[in-house]
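In what follows, a structure is listed as structure tokens, so that the remarks can point back to it.
The values are calculated or read from the model by the stated rules, or taken from the named source; none is laboratory data. Note that the structure is predicted; figures quoted are calculated from it, not measured. Cβ sites come from the backbone with ideal geometry, for glycine too, and all protein chains shown count toward neighbours. For the accessible areas, the whole protein counts, side chains as well, though only heavy atoms, and no ligand, DNA or RNA atoms are used. Shrake-Rupley method; radii C 1.70, N 1.55, O 1.52, S 1.80 Å.
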Amino acid sequence: ITETFAKGFAAMSFDTDYMREREQMKTSRTGVGTNISHGFISFGKGLFEGVTGIFTQPIKGAMEEGALGFFKGVGKGLAGLVVKPVAGTLDLAAGVMRETGEIAALAIHKGAAPEELVWNQ
């Protein structure tokens, strides 16, 4: 559910590059702990891109579509200021929950307690 909310919030940013980067990061998972690390990366990027988007989106829009693009970029930048940090926070929460689930599933598969798998690697 958290991932669905995060995806919905990311879509409200109207920033296709941001949405594509989020999806690429989610498909590049490997190893124990990557869900959490990707969650933290997404959280940091959400904060950073949310704040910098106020400036970069109008410039990008103006370069692509002129004056109309500038005003579209202002809208995208303002939307991203709220939406991207929220999406990043939800990605972090989803990463922690996904990692917890994977550790529990591994523990069940190996017949060990979850804390034994985490601390005895």
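Tally the residues that are under 18 Å from E49 (Cβ atoms) and open to solvent by 50 Å² or more (accessible area, probe 1.4 Å), restricting the search to the range 90-100.
So the count comes out to 0.
If we scan the range 81-89, do we find a residue that is loosely packed, with under 13 Cβ neighbours inside 10 Å and out of contact with any Ser or Thr (no Cβ under 9 Å at 6 or more places or on another chain)?
Going residue by residue through the range 81-89, those that are loosely packed, with under 13 Cβ neighbours inside 10 Å are none.
Within the range 81-89, not a single residue is loosely packed, with under 13 Cβ neighbours inside 10 Å and out of contact with any Ser or Thr (no Cβ under 9 Å at 6 or more places or on another chain).
Can you find a residue in the range 42-59 that is open to solvent by less than 70 Å² (accessible area, probe 1.4 Å), modelled with pLDDT of 85 or more, part of a helix (DSSP H, G or I) and within 21 Å of I103 (Cβ to Cβ)?
yes
Kindly indicate which of A6, A67 is among the aliphatic types (A, V, I, L, M), in a helix (DSSP H, G or I), open to solvent by less than 80 Å² (accessible area, probe 1.4 Å) and closer than 15 Å to R98 by Cα.
On the way: A67 fails: closer than 15 Å to R98 by Cα.
Exactly one residue qualifies, and that residue is A6.
Would you mention how many residues in the range 70-80 are in contact with a Lys or Arg (Cβ under 8 Å, 6 or more places away or on another chain) and either among the polar types (S, T, N, Q) or surrounded by fewer than 18 Cβ atoms within 10 Å (Cβ to Cβ) (or both)? Before the answer, list the steps.
At the first step, the residues of the range 70-80 found to be in contact with a Lys or Arg (Cβ under 8 Å, 6 or more places away or on another chain) are 73.
Cutting the leftovers down to either among the polar types (S, T, N, Q) or surrounded by fewer than 18 Cβ atoms within 10 Å (Cβ to Cβ) (or both) gives us none.
Summing the residues that are in contact with a Lys or Arg (Cβ under 8 Å, 6 or more places away or on another chain) and either among the polar types (S, T, N, Q) or surrounded by fewer than 18 Cβ atoms within 10 Å (Cβ to Cβ) (or both) in the range 70-80 gives 0.
Which condition from (1) open to solvent by less than 60 Å² (accessible area, probe 1.4 Å); (2) under 14 Å from the mean Cα position of the chain (by Cα); (3) at pLDDT below 90 is the one that I103 breaks?
Looking at each condition in turn, I103 falls short on (2).
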